[in-house]
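Before any comments, here is the structure.
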Amino acid sequence: MSQTHEQPTTRAFDAAAAGFQDLGRYLWEPIGAATVAATAPQPGERVLDACCGNGASAIPAAHRVGPDGLVDAVDLSAPMIDELNALAGDLPQLRSHHADATTWPADGYDTVQSALGIFFFPDMAVGTEWLIGRARPNGRVGLTIWRDGAMEAAGHHLHAAIAQVTGTEPPKRPQHPIFAINKADAYRSWLVERGLTDVDIATHELRLPMTPDIAWLVITGSGFVGALSALSPADVDAVRDAYLTSLSEQKVDELDATTLIGTGTTPG
Ligand SMILES: C[S@@+](CC[C@H](N)C(=O)[O-])C[C@H]1O[C@@H](n2cnc3c(N)ncnc32)[C@H](O)[C@@H]1O
């Protein structure tokens, strides 16, 4: 099943796909592993991994379900799916799909999981309800989001650096419904409103050391890279220098990358 969306989010993740793996061991993989530890797929089960990227949660889920199970890993970015296929190796139970998770039609999954994906949906509530509807009755759902404040320092210093290099104003903080639910209590209530029971919110604390290499990988290996897409190579170099200088001057030596992993059960 294939679908292409030339939307800014998709283009940003297409561009990030190459750097995604380099950043993965610091960021995506620990978060993916924590997500799968929370959803705990069992041998032989069927799992939907929505917004799978290059497989940080889909690959460990595939190992857990084993050859008698199935993981459908779905992402809108074709380069991400290519990276996933290259990384997964010989895991016949892992099936990758270049498709939109918000219209993915199959259902009856034992587990539906999505790490750091639901806030990209055009309508976060409707898209999340669609995902929850892909699980069987009494199925498990695990949805991971950034906790309030996570990743913000990188975005702040990046946008300030771009503004400095291009002589423009930094963008205002975008309005987005995720900012209303990125604390544990609000997230719990929101998942209950989406129809889940036995909702639990686990906080996965993570801090990245902001060495120059990792600090720049945070940009080139994530959706932040989309902010560089209109810049010339020389301007990208200048933005990198300004960003690293700004982090150093403000003594930002750590990046909060803490997530909230919300799990729950679908109605019987
Ligand atoms: C921050 S990345 C997370 C990737 C992966 N889950 C991980 O934790 O490493 C978000 C991913 O969501 C994908 N995405 C965004 N909207 C999507 C949609 N409607 N359907 C499928 N994938 C989507 C992007 O292409 C991107 O790969």
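Summary of computed values
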item: Fluctuation leader among Gly142, Gly55, Gly19 - the chain, Gaussian network, Cα springs under 10 angstrom; result: Gly19
item: Amide proton proximity set for Cys52, modelled H, under 5 Å, gap of 5+; result: Val74, Asp75
item: Karplus-derived HN-Hα couplings along segment 232-242 (A = 6.51, B = -1.76, C = 1.60, θ = phi - 60°), whole Hz, x at Gly and Pro; result: 6, x, 5, 5, 4, 4, 5, 5, 4, 4, 5
item: Estimated dipole of the chain in Debye, rounded to 20 [Cβ of Lys and Arg +1, of Asp and Glu -1, Cα centre]; result: 420
item: Cα gyration tensor shape of segment 110-181, rounded if a/c is under 1.5, else prolate or oblate by comparing a/b with b/c; result: prolate
item: Sites Thr166 and Ala125 - FRET efficiency at Förster radius 25 Å, r taken between beta-carbons, to 0.05; result: 0.10
item: For the chain, alpha-carbon Rg relative to the globular expectation (2.2 N^0.38 Å, N residues); result: 1.00
item: Of Thr166, Ala101, Trp28, farthest towards positive along the dipole that unit charges on Lys, Arg, Asp, Glu beta carbons give the chain; result: Ala101
item: Contour minus Cα-Cα distance for Ala186 and Asp237 (0.36 nm per residue); result: 14.4 nm
item: Solvent-accessible area per residue for segment 130-207 (1.4 angstrom probe, square angstrom); result: 53
item: Using θ = phi - 60° and Karplus 6.51 cos²θ - 1.76 cosθ + 1.60, couplings along segment 18-34 (whole Hz; Gly, Pro as x); result: 5, x, 4, 5, 5, 6, x, 5, 8, 10, 5, 5, x, 6, x, 5, 5
item: Top positive-direction residue, dipole computed over the chain with Cβ charges, set Leu87, Ala184, Ser232; result: Ala184
item: Computed helical MRE - 222 nm, the chain, DSSP H runs ≥ 4 contributing -39500 (n - 2.57), nearest 500; result: -12500 deg cm²/dmol
item: Heavy-atom accessible surface of segment 66-222: percent carbon and sulfur, 1.4 Å; result: 53
item: Virtual spin-label span in nm between Gln250 and Leu87, 7 Å along Cα→Cβ; result: 2.8
item: Residues with amide H under 5 Å from that of Thr258, placed H, sequence gap 5 or more; result: Arg147, Met151, Leu206
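The values are calculated or read from the model by the stated rules, or taken from the named source; none is laboratory data. Predicted model only: the values in this text are computed from it and were never measured. Don't worry about glycine lacking a Cβ; one is built from the backbone with ideal geometry, like all the others, and counts go over all protein chains shown. Heavy atoms of the whole protein, side chains included, go into the accessibility calculation; ligands, DNA and RNA do not. Shrake-Rupley method; radii C 1.70, N 1.55, O 1.52, S 1.80 Å.
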